[in-house]
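No lab work stands behind these numbers, since they all come straight from the coordinates. Small disclaimer: the values here were computed from a predicted structure and weren't measured. Don't worry about glycine lacking a Cβ; one is built from the backbone with ideal geometry, like all the others, and counts go over all protein chains shown.
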Amino acid sequence: MGYKILFLGDICGEAGRKALAKGIKILKNKYQPDFIIANGENSAGGFGITPKIAEELFSLGIDCITLGDHSFDRKEIIPYLEKEKNIIRPLNYPFGTPGKGVYLTKKSEKPVIVINLIGRVFMKPVDCPFRRIDEELTKMNEKGIIIIDFHAEATAEKKAMGYFLDGRVSAVLGTHTHIPTADEEILSKGTAYITDVGMCGAINSVLGMKIEDSLKRLLYGINYRLNPADSDFKIEGVLIEINLSTYKAEKIERICEKYLNFDSVPS
Ligand SMILES: [Fe+2]
Ligand SMILES: [Fe+2]
């Protein structure tokens, strides 16, 4: 039996948090993960994360939180990112940016290393994610399971990263677009790959946000405030299984749990 990692997509607002508060027990029973990673960049009202919310997510059993372009939307997270080791922001932000991009734990007998990266195509300029991760992996002494959350917009950039890191890491998992893709696979040198794992939040929404807010922006070109939708919810992500002798992936499976309201979750 391999080491099972449950990786959950961007947690979007209260619906995403409630979804996990209710659904994580079901996921744990169903998939028996050894380690849980979740992207928390939208967990505070759709924009950023606060220390209180991070603590809430850890208390549900999430072992590591990754972030993305919304890492610093809530400024109160900055000192927390400096001291708390289980929450990481993209590694390829410029040197000197608060927080860290790599998390290493010895929760199991084998180390689990989680690295967050962010893309540059159709996104704000940052350091090159390819060169930055290459440098990081080259200097890394520790051998273990390495999971990359590549938070990026362009499918081509994500796919290219999968091939770039094939055989050097256990998994390259895409986040940020909030829409799961159907291209999960084990690449030829043993790295699990998917372009986007999806999100945890409202089903009837535009990427987790209220449909009417999103439509107003698109119809009138005015930057109306986007508020997270909360009518119903889903949990999306992937379950991967890693061989503990080779650290290569043996399996990647998309998961999706949908509930029409919070009371419909089976206990
Ligand atoms: Fe994002
Ligand atoms: Fe997001």
Quiz item: Along the Cα-to-C-beta direction of Lys25, a point sits 7 Å from the Cα; which residues of segment 62-76 have their amide N less than 17 Å from that point?
Solution: 62
Practice problem: Pop the C-beta distance of Leu244 and Ser264 into the FRET formula with R0 = 30 Å and round what comes out to the nearest 0.05. | Solution: 0.20
Practice problem: Per DSSP H run of n ≥ 4, the term is -39500 (n - 2.57); total these for the chain, divide by its residue number, and report the mean residue ellipticity at 222 nm rounded to 500 deg cm²/dmol. | Solution: -7500 deg cm²/dmol
Exercise. Name the long-range amide H neighbours of Glu250: under 5 Å, sequence gap of 5 or more, or other chain; modelled H, no Pro or chain starts.
Key: Glu241, Ile242, Asn243
Quiz item: Using the Cβ atoms and a cut-off under 12 Å, what net charge is assigned to the surroundings of Ile203, where Lys and Arg are +1 and Asp and Glu are -1?
Solution: -2
Quiz item: Over segment 202-257, what per residue volume does the convex hull of the Cα atoms give, in whole Å³?
Solution: 113 Å³
Exercise. Using the Karplus curve 6.51 cos²θ - 1.76 cosθ + 1.60 with θ = phi - 60°, work out ³J(HN,Hα) for each residue of segment 77-89 in order, rounded to whole Hz, and write x for Gly and Pro.
Key: 7, 4, x, 5, 5, 6, 9, 7, 8, 7, 10, 10, 10
Quiz item: Can you list the residues, at least 5 places off or on another chain, whose amide H is less than 5 Å from the amide H of Gly45, using H built in the peptide plane?
Solution: Gly13, Glu14
Self-check item: segment 3-261 - charge dipole about Cα centre, Lys and Arg +1 at Cβ, Asp and Glu -1, debye rounded to 20
Solution: 280 debye
Practice problem: Please figure out what share of the DSSP beta bridges in segment 3-261 is antiparallel and state it in percent, rounded to the nearest 5. | Solution: 50 percent
Exercise. Any chance you could tell me what percent of the C-alpha pair distances in the chain go past 28 Å?
Key: 28 percent
Quiz item: Measuring from label point to label point, each 7 Å out along Cα→Cβ, what is the Thr155 to Lys106 span in nm?
Solution: 4.3 nm
Quiz item: Going toward the positive end of the dipole of segment 1-110, with +1 on Lys and Arg Cβ and -1 on Asp and Glu Cβ, which of Cys12, Thr50, Gln32 do you reach last?
Solution: Gln32
Exercise. Return a single number: how many Lys pairs in segment 83-151, at a sequence separation of 8 or more or on separate chains, have alpha-carbon atoms below 13 angstrom apart.
Key: 5
Practice problem: Relative to the compact-globule scaling 2.2 N^0.38 Å, provide the ratio for the alpha-carbon radius of gyration of segment 49-122. | Solution: 1.10
Quiz prompt | Summed residue charge, Cβ within 12 Å of Pro111's Cβ, Lys/Arg positive, Asp/Glu negative | solution = +2
Practice problem: Report the net charge of residues surrounding Cys12, where surrounding means a beta-carbon distance below 12 angstrom and charges are Lys +1, Arg +1, Asp -1, Glu -1. | Solution: -1
Quiz item: Once fully extended, how much extra length lies between Lys75 and Met1, figured as 0.36 nm per residue of separation less the alpha-carbon to alpha-carbon distance?
Solution: 22.4 nm
Practice problem: Throw me the Rg/Rh for segment 1-100, computed over C-alpha atoms with Kirkwood Rh, two decimals. | Solution: 0.98
Quiz prompt | Farthest positive-ward along the chain dipole, Cα basis, beta-carbon charges - from Ser188, Asn261, Thr155 | solution = Ser188
